[in-house]
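So the structure is just underneath, and the comments pick up after that.
Just so you know, all these numbers are worked out from the coordinates, no wet-lab data involved. Just so it is clear, the model here is predicted, and its values are computed rather than measured. Here the Cβ positions follow ideal geometry from the backbone for every residue, glycine too, while neighbour counts run over all protein chains shown.
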Amino acid sequence: MFQRSILLILAGTVCMLLSCGKEKSSAPPITPPVGNAIYGDSVFYIQGSVSDYIIKPILATTVGTYTCTPQGLNIDEVTGEINVNKCETGLKYKVTFTPSGSGNIQSSYIIISGINYHDNIYNLSAGDSIAMPVYNANDQLALPNAGAGTTFDENGGCKNAGIEVDPNNGTINLAKSVRDQRIDTGATQEVKLLYKINDNSHQAVNGLDVKIYFYLTASDIPQYLLDLLNERKNTILGVGHRALPSLLQTTPKTLASLKVNVQRPARPRPPCIIVVSR
């Protein structure tokens with residue numbers, strides 16, 4: 001009888017120890033992957049195999065209104081569907097979903113893959129003579145496979161217009177462009193820069209309108225272009241902006257004085273590339 005009691009006590013003790021051990025060794029919680037709240041991904045690439053490439057929201061409810069900034073995103077304001085192949089590429093967009101009735105407003109950032117160039121004033125006398133392409137709205141990203149399936153000015157349109165684009169890396173030689181065209185003041189012809197990038201677009205033909213403005217000095221730049229530079233600082237997302245030359249710091253109108261449509265800000269294309277000789 002005594003031995004039986006001892007066995008029962010030992011069995012109870014073992015059960016208690018096992019129970020405590022299970023509590024201490026419980027599995028850590030699983031962290032779900034972080035994605036785009038509205039579309040499930042953040043970067044989308046044009047596809048040359050189809051005429052329309054449609055992405056749809058992943059929200060549980062799609063009853064509401066979709067808006068975006070800046071302009072250039074081909075989005076259905078009711079369904080939120082985006083036709084990637086018909087968007088301005090190389091830009092970062094903020095998409096906002098406002099549900100009908102009650103519910104939380106949601107916003108997400110997406111990038112339509114491609115290149116862009118800085119909206120800026122390039123000073124040739126300071127050696128600022130090359131415009132570098134910005135890939136996927138991020139200055140820190142290297143252009144993928146430059147010279148290895150990634151090519152620029154596919155049809156020679158820029159070269160024929162006197163805009164010198166490196167076919168391997170997309171850089172624009174501004175000094176040579178101005179020199180070859182013998183421009184004193186004014187602008188080059190606006191042409192479509194056709195290019196292919198060896199990335200998830202599978203080398204689909206992409207395009208960007210390019211136009212270069214040239215003036216002898218910074219003081220010759222017309223006010224409307226200075227206003228445009230200031231406005232673009234608030235409409236282009238994800239890409240830093242260099243400071244204007246000191247001569248222009250007090251010249252542009254203040255942002256408050258600009259007549260900007262808050263609902264539909266100015267289109268971010270073509271890039272505003274301004275060149276001055278001194």
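Each residue of the stretch 159-166 was assigned a 3J(HN,Hα) from its phi angle through the Karplus expression (A = 6.51, B = -1.76, C = 1.60, θ = phi - 60°), giving 4, 5, 8, x, 9, 7, 10, 5 Hz with x at Gly and Pro.
What is the ratio of the Cα radius of gyration of the stretch 43-112 to 2.2 N^0.38 Å, where N is its residue count, to two decimals? Provide the component values of the computation, followed by the final result.
On the way: Rg = 12.2 Å, N = 70, 2.2 N^0.38 = 11.1 Å.
That ratio works out to 1.10.
Note on residue 77/residue 50: beta-carbon distance plugged into 1/(1 + (r/R0)^6) with R0 of 22 Å gives a FRET efficiency of 0.45.
When both the stretch 116-145 and the stretch 146-219 are represented by their alpha-carbon centers, they are found 12 Å apart. Here's how it looks for residue 48: its modeled amide H is under 5 Å from those of 204, which are all 5 or more places away or on a different chain. Here the calculated FRET efficiency for residue 37 and residue 200, from their Cβ-Cβ distance with R0 = 25 Å, stands at 0.70, rounded to the nearest 0.05. Residues whose amide H lies under 5 Å from that of residue 91, counting only those 5 or more places away or on a different chain, are 112; hydrogens are built 1.01 Å from N in the peptide plane.
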